[in-house]
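Below is one structure; the comments refer to it alone.
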Amino acid sequence: MTLLGACRYGEDLLESAGVPEAGLNAWLLLEYVSGCIRSHYLAYPEEELPKEAEEHYLEVLKRRSERVPLQYITGVQEFMGHRFLVNEQVLIPRQDTEILVEEVLKYLKPGMHFLDLCTGSGCILLSLLLGCPGAVGMGTDLSPGALETAKRNQELLEQEALLQESDLFDQIEGVFDVIVSNPPYIKSGDIPELMEEVRMFEPLSALDGHEDGLYFYRRIVKESPAYLKAGGGLYLEIGYDQGDSVSELLRDRGFCRIEVIKDLAGLDRVVKGIYPGKI
């Protein structure tokens, strides 16, 4: 099988399986198994794919045709310009979540302490540390598997952070300048409508926000003042239709300077607010 033949075969197979962007997926999987860069592929399309690489390619094509996410096959996803290890213990980092990180970085300063709830792969926690050297970060998650993945990313990116198994604030002590979270926020009834890659393979516990999608926001907003310094910031990623609801939760809890930030598609993506002090 040549490089060109392999890529065409992969595209046809994935297309017949209904995989979105079949051609791109076929190429990325070929690049993954062979190490062939695009310029080499274009210059030598008739080069034979080594037998071992061909067998591996057929194997990963099968997995992708079964709708296993590309990132779980390759084991990596780029986020904020850095490569993060991912697996089925954690959500795959999304570009939309970069909006959350960018907003926190506008506020975060060296020496500040921040808490990342539901840290998953650690992509938010570690991106904030990389973006603000001198800040002190802590990440929590209820999943031991997620924390193990975050630890591996911490070592890979050579960042110091404390990781703690905790159901939101249950095992947390002290106060922070910033609390940030991308919690589960999809309504339970909407889970069956998600893409196959998401509903079949990504961890349900990181997706399901219970009946109305607001369960974790209620808990975080209610409990966070006990863990925020006066003037500290709370930053939450939200679903496209949750801006008003989450803003109201913050307002009712006594937060001020509440703002909803839109993503690049013009959809509500982040709610942020400042905790003024004793409520």
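General remarks:
- If you go through the range 237-276 and keep only what is acidic (Asp, Glu) and closer than 24 Å to Asp190 by Cα, you end up with Glu237, Asp241, Asp244, Glu248, Asp263, Asp268.
- Close pairs from the range 17-33: first part of a helix (DSSP H, G or I), partner of a type in the set (Lys, Arg) and crowded, with 16+ Cβ neighbours inside 10 Å, Cβ under 7 Å, at least 6 apart: Asn25/Arg64; Leu29/Arg64
- Cβ pairs under 9 Å, 6+ apart, first in the range 197-211 and free of Cβ contacts under 8 Å to residues at least 24 places away in the same chain, second acidic (Asp, Glu): Arg199/Glu193
- Restricting attention to the range 159-176 and to residues that are of a type in the set (S, T, N, Q) and within 8 Å of Thr140 (Cβ to Cβ), the residue that is surrounded by the most Cβ atoms within 10 Å (Cβ to Cβ) turns out to be Ser166.
- Subset of the range 238-279 (residues that are aliphatic (A, V, I, L, M) and part of a loop (DSSP other than H, G, I, E, B)): Ile238, Leu264, Ala265, Leu267, Ile279
- For the range 149-158, the tally of residues that are aliphatic (A, V, I, L, M), out of contact with any helix residue (DSSP H, G or I) (no Cβ under 6 Å at 6 or more places or on another chain) and surrounded by fewer than 20 Cβ atoms within 10 Å (Cβ to Cβ) stands at 1.
- In the range 1-47, the residues that are out of contact with any strand residue (DSSP E or B) (no Cβ under 8 Å at 6 or more places or on another chain), more than 20 Å from Met195 (Cβ to Cβ) and among the charged types (D, E, K, R): Arg8, Asp12, Glu31, Arg38
- Unmet criterion (only one of (1) of a type outside the set (Phe, Trp, Tyr); (2) outside the structural domain of Arg152 (by TED's automatic domain parsing); (3) not in a loop (DSSP other than H, G, I, E, B)) for Leu100: (2)
- Test: Gly209 is within 30 Å of Gly277 (Cα to Cα), surrounded by 13 or more Cβ atoms within 10 Å (Cβ to Cβ), modelled with pLDDT under 95 and in contact with a strand residue (DSSP E or B) (Cβ under 8 Å, 6 or more places away or on another chain): yes
- Scanning the range 224-249 for residues that are surrounded by fewer than 24 Cβ atoms within 10 Å (Cβ to Cβ) and without any contact (Cβ under 8 Å) to a residue 40 or more places away in the chain returns Tyr240, Asp241, Gly243, Asp244, Ser245, Ser247, Glu248, Leu249.
- Pairs are defined by a Cβ separation below 9 Å, a sequence spacing of at least 6 or placement on different chains, a first member in the range 47-59 that is outside any helix (DSSP H, G or I), and a second member that is of a type in the set (Asp, Glu); the pairs so defined are Glu48/Glu54.
- Within the range 151-171, the residues that satisfy the criterion of being touching an Asp or Glu at 6+ places or on another chain (Cβ under 9 Å) and in contact (Cβ under 8 Å) with a residue 40 or more places away in the chain are Leu163, Leu168, Phe169.
- Filter result (in contact (Cβ under 8 Å) with a residue 40 or more places away in the chain, more than 15 Å from Glu237 (Cβ to Cβ) and not hydrophobic (A, V, I, L, M, F, W, C)) within the range 84-106: Asn87, Glu88, Gln89
- Residue check for Arg67: within 24 Å of Leu85 (Cα to Cα) and exposed (fewer than 15 other Cβ atoms within 10 Å of the Cβ): no
- Between Phe216, Phe255, the distinction of being in contact (Cβ under 8 Å) with a residue 60 or more places away in the chain and aromatic (Phe, Trp, Tyr) belongs to Phe216 only.
The values are calculated or read from the model by the stated rules, or taken from the named source; none is laboratory data. Note that the coordinates shown come from a computational prediction; the quantities given were computed from them, not determined experimentally. All Cβ positions, even for glycine, are placed from backbone atoms using ideal geometry, and neighbour counts span all protein chains on display.
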